1. Looking only at segment 69-126, filter to residues that are closer than 20 Å to Ala37 by Cα and of a type in the set (Asp, Glu); which one of those is modelled with the lowest pLDDT?
2. Given the conditions (1) under 13 Å from Gly69 (Cα atoms); (2) in contact with a Leu (Cβ under 9 Å, 6 or more places away or on another chain); (3) in contact (Cβ under 8 Å) with a residue 40 or more places away in the chain, and given that Tyr19 satisfies all but one, which numbered condition is not satisfied?
3. Filter segment 62-77 down to the residues that are basic (Lys, Arg) and either under 8 Å from the mean Cα position of the chain (by Cα) or within 17 Å of Tyr4 (Cβ to Cβ) (or both) and list them by number.
4. Give the residues of segment 1-43 that are loosely packed, with under 13 Cβ neighbours inside 10 Å, closer than 16 Å to Pro84 by Cα and small (Gly, Ala, Ser), sorted by residue number.
5. Enumerate the pairs (first residue in segment 26-52 and at pLDDT 90 or above; second residue anywhere and of a type in the set (Phe, Trp, Tyr) and assigned to a helix (DSSP H, G or I)) with beta-carbon separation below 8 Å, excluding pairs fewer than 6 apart on the same chain, so at least 6 apart or on different chains.
Amino acid sequence: MTMYQDFLKLALGELDHRYRGLGHSELDAALREHVAACRVALAAVRSGTDPSSAIAAQVNYDAALIRLGRARGIECDIAGFTGPKFARPTLEAALLVGGPGPASTAQAAAEPRAPSDLDRESPARV
């Protein structure tokens, strides 16, 4: 296990504790809000930022994505997150894929989407 995975494990434990007892829709809304806040913090990291702050922003965002994915039934584990950005694109894509509806999953996956769409989509299982 890498140090990054250790950080994720700790962050996921904090997220689990923070959201216990919420109903499904409340949990989804709270996790989407948390992902959005973490994404804003990650986007604010600039060259010259303290390295520990930059890593914390990466870990917080990835942990938020993992928790949202798990809450939506997407199997995701920290095993693929050996460092920032390794498994993130796959999980982001899974969260962006629309659930059952007029467009097929393949069409939904092929359509370009902005990261802010994470806040509005209900993804299918991957």
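1. Glu121
2. Tallying (1) under 13 Å from Gly69 (Cα atoms); (2) in contact with a Leu (Cβ under 9 Å, 6 or more places away or on another chain); (3) in contact (Cβ under 8 Å) with a residue 40 or more places away in the chain, Tyr19 fails exactly one: (1).
3. First, the residues of segment 62-77 that are basic (Lys, Arg): 67, 70, 72.
Answer for segment 62-77, where residues must be basic (Lys, Arg) and either under 8 Å from the mean Cα position of the chain (by Cα) or within 17 Å of Tyr4 (Cβ to Cβ) (or both): just Arg67.
4. If the condition is that a residue be loosely packed, with under 13 Cβ neighbours inside 10 Å, closer than 16 Å to Pro84 by Cα and small (Gly, Ala, Ser), then Ala43 is the only one that fits.
5. Once the first residue is at pLDDT 90 or above and sits in segment 26-52, its partners that are of a type in the set (Phe, Trp, Tyr) and assigned to a helix (DSSP H, G or I) give Val35/Tyr61; Cys38/Tyr61; Arg39/Tyr61; Ala41/Tyr61; Leu42/Tyr61.
The values are calculated or read from the model by the stated rules, or taken from the named source; none is laboratory data. These figures come from a predicted structure and were not determined experimentally. Ideal geometry is used to build each Cβ from the backbone, glycine not excepted, and the neighbour counts take in all protein chains shown.
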